[in-house]
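Here's the structure we're looking at; comments come further down.
The values are calculated or read from the model by the stated rules, or taken from the named source; none is laboratory data. Quantities reported herein were computed from a predicted structural model and do not represent experimental measurements. Positions of Cβ are generated from backbone atoms using ideal geometry, with glycine treated the same way; all protein chains shown enter the neighbour counts. Keep in mind that these areas ignore ligands, DNA and RNA; they rest on the heavy atoms of the full protein, side chains included. Shrake-Rupley method; radii C 1.70, N 1.55, O 1.52, S 1.80 Å.
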Amino acid sequence: MKLNAIIFGATGMVGEGVLHVTLSHPETESVLVVGRRPCGVRHAKLRELVTADFTDLSPVMNQLREYNACFFCAGTTSVGKSEEEYTRVTYDLTMGAAGALARANSGITFCYVSGAGTDGTERGRLMWARVKGRTENDLAKLPFRAVYNFRPGFIKPIPGLKNAFAVARVLGRAYPLWKALMPNYVCTLEDLGLAMIHAVERGYARTVLENRDIATLAR
């Protein structure tokens, strides 16, 4: 199965890593990056749409049927934000882009990077977890071929990529220790990217993937 993927958020640590893994994968045929600024990557398989509005895919609408996957990696911290603000940049942005894609091509497998601790009941005490949970739940209602929600905890970055957080680089040096002590809360960025690709290619028994699921599906 040839992979033709749309990636949102490629200027962040996670999106940059997922883009790197996707472009390196032998089954990848083409990649469309959608973002607010150029991702700074040049590759024969890569096209780019720079737009301030993720819900406006009109410049490539006629080509969207070429794609069979979307890896949605855009996101931001909830620190310093009200629930209204965090909802706007998390739920509204994600659902707007996903809704536009679903209307254009329901044959896409949509992979959403959520986070460990996300609250699928939408009733918990943590604001960010409720918002992420609502996003996951409503994505599942869209008419895609499939929707998978990935919930990584600490992510070990890929060496050499420019957008890795400084703290992630430092903590990543002790990754074997974290993996041994807390296997349910850590994964590598390479495994996350591979797991998303494999979800498109072969599916998975669960639609919500915790860190152990990510490691399993990456193999």
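Within the range 153-167, residues that are at negative phi and free of Cβ contacts under 8 Å to residues at least 60 places away in the same chain have Cβ atoms under 9 Å from residues that are open to solvent by 90 Å² or more (accessible area, probe 1.4 Å) and not in a loop (DSSP other than H, G, I, E, B) in these pairs: K156/E190; P159/R169, counting only partners at least 6 apart in sequence or on another chain.
Considering T55, T11, which residue is open to solvent by 10 Å² or more (accessible area, probe 1.4 Å), under 16 Å from V89 (Cβ atoms), under 16 Å from the mean Cα position of the chain (by Cα) and β-branched (V, I, T)? Result: T11 is the single residue among T55, T11 that is open to solvent by 10 Å² or more (accessible area, probe 1.4 Å), under 16 Å from V89 (Cβ atoms), under 16 Å from the mean Cα position of the chain (by Cα) and β-branched (V, I, T).
Any residue at all in the range 123-131 that is among the hydrophobic types (A, V, I, L, M, F, W, C) and under 15 Å from the mean Cα position of the chain (by Cα)?
no
Here is a yes/no grid of residues against (1) part of a strand (DSSP E or B); (2) under 24 Å from C39 (Cβ atoms); (3) more than 17 Å from the chain's Cα centre (by Cα):
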site: G75; (1), (2), (3): no, yes, no
site: R88; (1), (2), (3): no, yes, yes
site: L93; (1), (2), (3): no, yes, no
site: G117; (1), (2), (3): no, no, no
site: G120; (1), (2), (3): no, no, yes
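When V60, V79, V14, V33 are checked against the criterion of being among the β-branched types (V, I, T) and assigned to a loop (DSSP other than H, G, I, E, B), V79 stands alone in meeting it.
Selection within the range 78-99: residues that are without any contact (Cβ under 8 Å) to a residue 12 or more places away in the chain and farther than 18 Å from T51 by Cα. The member of this set that is surrounded by the most Cβ atoms within 10 Å (Cβ to Cβ) is K81.
Being open to solvent by 20 Å² or more (accessible area, probe 1.4 Å), more than 24 Å from G80 (Cα to Cα), of a type outside the set (D, E) and without any contact (Cβ under 8 Å) to a residue 24 or more places away in the chain is a property that holds for R103. Restricting attention to the range 161-219, the residues being open to solvent by less than 60 Å² (accessible area, probe 1.4 Å) and touching a Gly at 6+ places or on another chain (Cβ under 9 Å) number 12. Within the range 22-37, the set of residues being at pLDDT 95 or above and either touching a Ser or Thr at 6+ places or on another chain (Cβ under 7 Å) or open to solvent by 10 Å² or more (accessible area, probe 1.4 Å) (or both) comprises T22, L23, S24, H25, P26, E27, T28, E29, S30, V31. Just one of the listed residues (A5, A116) is within 24 Å of R134 (Cα to Cα) and either open to solvent by 20 Å² or more (accessible area, probe 1.4 Å) or modelled with pLDDT of 95 or more (or both), and it is A116.
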